[in-house]
Amino acid sequence: MADALIIVESPAKARTITRFLGKDFVVESSIGHIRDLPSSAAEIPAKVKSKSWARLGVDVDSGFKPLYIVPAAKKAQVKKLKEKLSKAKVLYIATDEDREGEAIAWHLVEVLKPKVPVRRMVFHEITRAAINRALKETRDIDVDLVNAQEARRVLDRLVGYEVSPLLWRKIKPKLSAGRVQSVATRLVVEREQARIRFRMAEFWGLEATLNSPNDRPFTARLTELNGQRAAVGKDFNPDTGEPKGKVHVLDEKIVSRLAEALLETDLKVTKVVAKPFTNRPYAPFMTSTLQQEAGRKLRFNARRTMRVAQSLYENGYITYMRTDSTTLSHEAVAAAHVQIKELYGGDYLPDKPRIYAKKSKSAQEAHEAIRPAGERFRTPDSLRSELDQDQQKLYGIIWKRTLASQMKDATGRRTTVRIEGVTEEDGRAVFTATGKVISFPGFLRAYVEGSDDPGAELADQEKVLPPLEEGVTLPCEKIEPTQHFTQPPTRFTEASLVKELESRGIGRPSTYATIIQTIQDRGYVWHKGPALVPTFTAFAVTRLLKQSLTHLVDYDFTARMEDELDTIAEGKIESASWLSDFYFGKDGGNGDSTEISNLGLDRLVKTHAESIDPREVSRFEIGETPEGEPIAIRVGRYGPYLQIGESDQRARVPEDLPPDELKLEKALELLAGAAEGDREIGKDPETGQSIFIKNGRFGWYVQLGENNRATKGAAKPKMASLWPSMNPETLDADLASMLLAFPREVGAHPESGEMITAQDGRYGPYIKMGKESRSLPDHESLLSVTLDEAIASFKQPKGGRRSATQVIKELGQHPDSGLDLVIKTGRFGPYVTDGTVNASVPKGKDPEAMTLDDGVQLIARREEKLRAQGKDPRAPKKKPARRAKAKKK
């Protein structure tokens with residue numbers, strides 16, 4: 001019998017620790033949190049269901065005491081842990097050393113109620129030495145850290161459960177609000193609004209190719225004309241397109257004339273300035289910088305980065321991956337110095353170890369930077385047989401960055417050359433050429449940081465100029481006018497959004513990946529390549545919160561709350577009174593101010609609930625029709641649509657259309673298309689009623705007769721969807737009548753006498769006999785299927801309700817697994833599959849326009865979701881058990 005039970009969060013972590021310990025230890029995992037607030041009404045215990053606060057899961061009348069329950073999915077694991085504990089003499093709780101880990105430790109003690117000594121062991125890397133040291137240096141559970149986590153959980157529950165119902169009533173169902181997610185959404189929305197306001201400006205420049213005295217050509221750019229600086233992109237106001245300050249905006253006429261004149265003029269070097277430079281290495285990774293760099297260099301999204309990093313940590317390859325520290329331990333510095341000397345030589349070692357100050361405002365996360373684990377770092381090459389491709393890539397940049405952080409500075413020389421020429425009409429023209437030479441690469445031998453802008457030059461790239469002296473005349477080989485346009489503000493990527501949130505003090509390292517995933521899952525943001533694009537629903541939600549619950553999406557207020565929550569972790573603020581001030585307001589919410597801190601969230605939501613006009617919150621002006629009628633975009637229950645005034649003239653807005661592309665011209669085009677779509681195409685030969693072709697939420701369809709909504713009890717007109725092979729522009733009355741004639745009677749079954757019909761349904765074409773149905777391979781089969789074929793089909797066992805899938809597009813091989821990724825049609829729409837994992841294509845995304853990268857991202861996201869549910873995405877699917885036949889009496 002084992003003397004000690006060690007409990008960690010994950011099975012992978014448990015397996016790794018087991019390798020380092022003997023038979024006296026049993027290592028088990030809790031598989032994450034074992035207790036939480038109720039997630040549905042069904043989980044609320046009967047004894048408190050009648051309480052006014054029960055829906056919140058927090059007793060706001062008794063010190064904001066949380067209502068914790070053990071979810072049904074965790075009861076079996078709790079039972080297993082209790083059984084293991086009953087055989088142990090001591091309990092070690094070895095959950096992570098951050099807020100979440102400390103909270104899990106506290107919940108384990110509360111639920112398991114151990115009667116043996118309890119010891120809290122912590123470590124930031126999973127190595128033999130670290131585990132043995134943690135067993136000797138145990139401590140008590142940090143109650144302040146637990147209180148801080150509980151305060152955050154309660155706060156997020158209060159915001160979500162009080163504000164989300166307001167969004168349901170005022171905008172549309174199933175929306176959600178969150179303390180940090182709503183602020184992150186606001187950032188993305190305001191960047192898109194800046195793109196909408198953007199007015200493009202045109203400017204021109206000149207680029208000269210000059211020859212040096214030693215016949216080495218180089219290029220120089222026009223920077224000044226007749227004493228005025230030549231305008232570049234940053235000199236224009238993005239909202240007006242007008243220049244800012246005193247700059248010379250060059251047009252095509254000026255630069256063309258100047259180019260011709262300068263070809264006939266001597267260009268002389270008037271100034272050469274050479275300055276030394278020193279570049280210091282980057283600090284080791286913390287969570288946020290790892291997410292940013294993995295996004296730039298590896299094209300990993302934040303969630304994928306954290307998933308891979310967690311697998312590296314739990315298997316003993318890196319230190320703990322949720323940290324806001326850039327500090328390295330003495331052992332890590334020593335290991336880095338040994339490896340630098342081995343790989344690059346002693347010249348690359350600084351005189352003394354480099355120390356990096358902590359940048360983050362918070363102090364609650366683990367206490368060391370992310371680095372390779374152990375007292376001697378393993379090289380990426382030595383791990384090729386142990387790591388998968390994602391792990392190799394991430395470990396590689398962590399290892400390089402750690403070594404680079406302890407190497408010497410890079411040094412070199414920057415040279416700026418001023419070249420002048422004079423023309424009669426335009427005066428003095430000044431060209432500038434810049435160069436950079438690295439004399440000692442230092443840390444750049446190990447690591448080069450990426451850029452947020454893939455098209456931007458990296459600062460460490462060399463650009464060598466030929467030797468030049470003042471007074472030298474330079475032959476001009478060619479001078480070319482260059483046309484430029486100002487660019488709208490770039491959209492956030494996941495990496496740059498993490499950077500923005502961090503710089504504003506919003507959120508914490510452990511939450512960034514979850515925040516970004518949440519705003520995508522809630523339908524507020526979608527990906528267009530690497531860029532994050534907000535939906536019109538996000539516009540409406542942000543407007544409502546900014547107008548009525550201002551402080552909930554205020555950047556400074558949210559950052560201040562983060563700091564106060566950190567103060568709770570330090571034991572300086574009592575959480576119950578702080579939560580009371582937030583929810584009920586100071587002095588019970590009797591103040592006159594509309595701030596949350598004075599009025600309280602509860603009263604603030606109730607006060608504004610009735611004053612919010614749902615139509616105005618969800619309405620955004622686009623412009624006017626040629627007749628002067630206003631055009632607005634509205635966010636409806638089923639998505640965004642355009643409307644002219646208060647008329648019935650409406651048009652759906654494609655879900656994959658970015659808001660900044662919905663200009664007046666596009667709006668008029670969509671409205672014209674919708675009006676065209678409602679045209680009459682002929683008369684039905686049997687009834688004489690008009691047949692209309694329309695474009696609806698689910699695509700094109702034909703309708704027999706008018707839709708008389710005004711008449712109560714009026715019958716709904718018959719409708720039929722167009723088949724995939726049909727073109728709405730060329731559809732005629734005969735084809736429309738054929739569609740409306742379905743379902744078609746195929747014939748009566750010779751044995752049962754039941755009528756077999758062919759019809760088109762939600763999941764595609766099929767045949768039906770009584771309650772039995774069978775899918776047809778395509779729509780054309782609706783016309784051609786015979787009675788004999790139908791009878792034969794019903795003799796076959798039913799293959800499920802899913803219609804036969806068809807390949808829409810082949811994307812290529814997955815870069816990591818080598819499996820073929822294809823897009824197929826499915827019962828619920830198109831999906832990407834690699835043969836094992838299936839991932840739905842997001843609504844509004846054109847499957848034909850998808851790339852291999854899009855497919856890889858969707859598969860990775862689906863795998864992450866399955867793992868979060870405790871499922872193995874690569875496990876073989878179980879065949880459903882056959883129902884046993886009832887015995888005949």
Long pairs among Lys47/Lys572; Lys13/Lys572; Lys271/Lys436, criterion Cα-Cα beyond 23 Å: Lys47/Lys572; Lys13/Lys572
For the chain: rounded, prolate or oblate by the Cα gyration tensor [a/c cutoff 1.5]: oblate
Under 5 Å, built H, 5+ apart or other chain: amide partners of Lys809: Ile823
Residues with amide H under 5 Å from that of Leu267, placed H, sequence gap 5 or more: Leu474
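Add +1 for every Lys or Arg and -1 for every Asp or Glu among the other residues with Cβ under 15 Å from the Cβ of Leu474, and state the total.
Result for the local shell: -2.
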Protein accessible area in region 467-617, 1.4 Å probe - carbon and sulfur %: 47
Proximal charge balance of Gly682 [Cβ under 11 Å; K/R count +1, D/E count -1]: -2
Ala576-Asp144 pseudo-label distance in nm [points 7 Å out on the Cα-to-Cβ vector]: 2.0
With every protein chain in place, region 247-367: carbon and sulfur % of accessible area (1.4 Å): 48
Label-zone membership for region 25-42, site Lys75, 7 angstrom Cα→C-beta point, backbone N under 14 Å: 42
Accessible area in square angstrom per residue, region 183-335, 1.4 angstrom probe: 44
Solvent accessible area, Å² - Tyr161, 1.4 Å probe, full protein context: 70
Calculated FRET value between Lys271 and Glu564, using beta carbons and R₀ = 56 Å, to 0.05: 0.55
Counted charge near Met306, where neighbours are those whose Cβ lies closer than 11 Å (Asp, Glu -1; Lys, Arg +1): +3
Under the Karplus curve 6.51 cos²θ - 1.76 cosθ + 1.60, θ = phi - 60°, whole-Hz ³J(HN,Hα) for region 375-385, x wherever Gly or Pro sits: 8, 9, 6, 8, 6, x, 4, 6, 10, 4, 7
Selection from Val437, Leu85, Val60 lying farthest towards where the dipole of the chain points positive, charges on Cβ: Leu85
Sequence-distant residues sharing a close amide H with Gly761 (under 5 Å, placed H): Tyr766
Accessible area of Trp700 in the full protein assembly, 1.4 Å probe (Å², nearest 10): 80
Per-residue SASA entry for Lys80, accessible area with 1.4 Å probe, Å² rounded to 10: 80
Equivalent ellipsoid dimensions for region 270-372 as semi-axes, Å, which come from the Cα gyration tensor, largest first: 28, 20, 15
Members of Lys79/Lys174; Lys170/Lys234; Lys795/Lys865; Lys51/Lys499; Lys824/Lys865; Lys268/Lys408 lying beyond 31 Å, as alpha-carbon distances in this model show: Lys79/Lys174; Lys170/Lys234; Lys795/Lys865; Lys51/Lys499; Lys268/Lys408
Segments 149-159, 92-102 sorted - mean Cβ within 10 Å per residue, highest first: 92-102, 149-159
Accessible area of region 139-243 belonging to carbon and sulfur atoms, whole % at 1.4 Å probe: 46
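The values are calculated or read from the model by the stated rules, or taken from the named source; none is laboratory data. What you see is a predicted model; the values in this text were computed from it and never measured. Using ideal geometry, Cβ is built from the backbone for each residue, glycine included, and neighbour counts are taken over all protein chains shown. We work out accessible area using only protein heavy atoms, side chains counted, and drop any ligands, DNA or RNA first. Shrake-Rupley method; radii C 1.70, N 1.55, O 1.52, S 1.80 Å.
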